[in-house]
Every structure is written in C-alpha cells, then in structure tokens.
Amino acid sequence: MSHNCTHALIRCMDFRLQKAIDQWLADKNLPGDCDMISVAGAGKDIVANPDGFVATQVDLSCKLHETKIILLMHHTDCGAYGGHTAFPSLEDERAQHLGDMAKTEEIIKSKHPEVEVKKILAVMNDDGSIIVEEV
Ligand SMILES: [Zn+2]
C-alpha cells in the first residue's frame, strides 16, 4: 500500500505556534498531506547533530513517504534559543534563525538532493499575534 505525502514540516514544539501553523497549513491546503516533525528549536538540533534524531525523522519522511518538500519553520522568541532576551536586537535574533535555517537546509540537501527546502520564519509579536513568512 502506498501512502505518500508531498511535504514534511519541521517546527518547534512551542504551543503558541499551533493556531498559526494550523491556519498556515490550511491556507496552503496541506492538512492530510504533510508529515509533522515537532521538536524544540526545530532545525537547531539538525545543525548540532546532523545525524541525530531530528535529522533521522527527515530521512524517514523522505524514505517512507517520498516527501518532496521540506518546510523548515523557525520562530522568534524560541525558548530553545533563549527567547528574545538572548539577543541584543530583533535583527540579531532574526539573523541567528536565518543562519541556522540555511545550515539546516544545506545538511538536508546534502542527504536528499531531490527535495526542495522552504524556509519559514514565524515572527512572534508582543501583542501575541504571529506573522508566518517564507524567507
Ligand atoms: Zn521554539
């Protein structure tokens, strides 16, 4: 029996993201067509452990479900990075996430050159709103 999906989402476990992610996936018509890899810090673990547990989840998604597109979602104010206060400015925080997402993409592409990696940053605003943007 074939059971493939087109996408896999690597996202932080942070509950604050759930509604925004659900809406974002619905807008893209992806519910039911997307493996969900949920771990604190999302790609941070892949950067630290290129052959570790989270990377293995990506390998399994590609192998078992023939996933074509990896959605790599980081977010600001991420506890795995120490939150907003760990950075001197929002620009520095954003740069850290973009840098780690680029490294994660490189690691994934080195193992799975056939997949496309899309990088997404969820910006957590002080008023509780979340802006999800492809970067
Ligand atoms: Zn987080």
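Bear in mind that the values in this text are calculations on the coordinates, not laboratory data. Since the structure is predicted, the reported quantities are computational estimates derived from the model, not experimental observations. Cβ sites come from the backbone with ideal geometry, for glycine too, and all protein chains shown count toward neighbours.
Per Stokes-Einstein, at 20 °C and 1.002 mPa s, what whole-number D in µm² s⁻¹ belongs to the chain, with the Kirkwood radius over Cα pairs as the hydrodynamic radius?
The estimated diffusion coefficient comes to 143 µm²/s.
Could you tally the net charge around Thr85, taking each other residue with its Cβ under 13 Å from the Cβ of Thr85, Lys/Arg +1 and Asp/Glu -1?
Taking every Cβ under 13 Å from that of Thr85, the sum is -4.
For His75, nonlocal amide neighbours, meaning residues 5 or more places apart or on other chains whose placed amide H falls under 5 Å from its own, are Ala122.
Using the Cβ-Cβ distance between Ser129 and Phe53 with R0 = 41 Å, the FRET efficiency computed as 1/(1 + (r/R0)^6) comes to roughly 0.80. Structural descriptor for the chain: relative contact order 27 percent, calculated from alpha carbon pairs under 8 angstrom and at least 6 residues apart. Exceedance of the 19 Å cut-off in Cα-Cα distance is limited, within the set Lys19/Lys103; Lys44/Lys118; Lys44/Lys68; Lys44/Lys119; Lys19/Lys63, to Lys19/Lys103; Lys44/Lys68; Lys19/Lys63. Place a point 7 Å from Cα of Leu60 in the direction of its Cβ. Which residues in region 1-28 have their backbone N less than 18 Å from it? So the set is 3-13.
Sorted from largest to smallest, which semi-axis lengths in Å does the alpha carbon gyration tensor of region 36-116 give for its equivalent ellipsoid, taking the root of 5 times each eigenvalue?
The equivalent ellipsoid of region 36-116 has semi-axes of 25, 12, 10 Å.
Computed packing ranks the peptides 106-112, 29-35 as 106-112, 29-35, most packed first, by mean other Cβ atoms within 10 Å.
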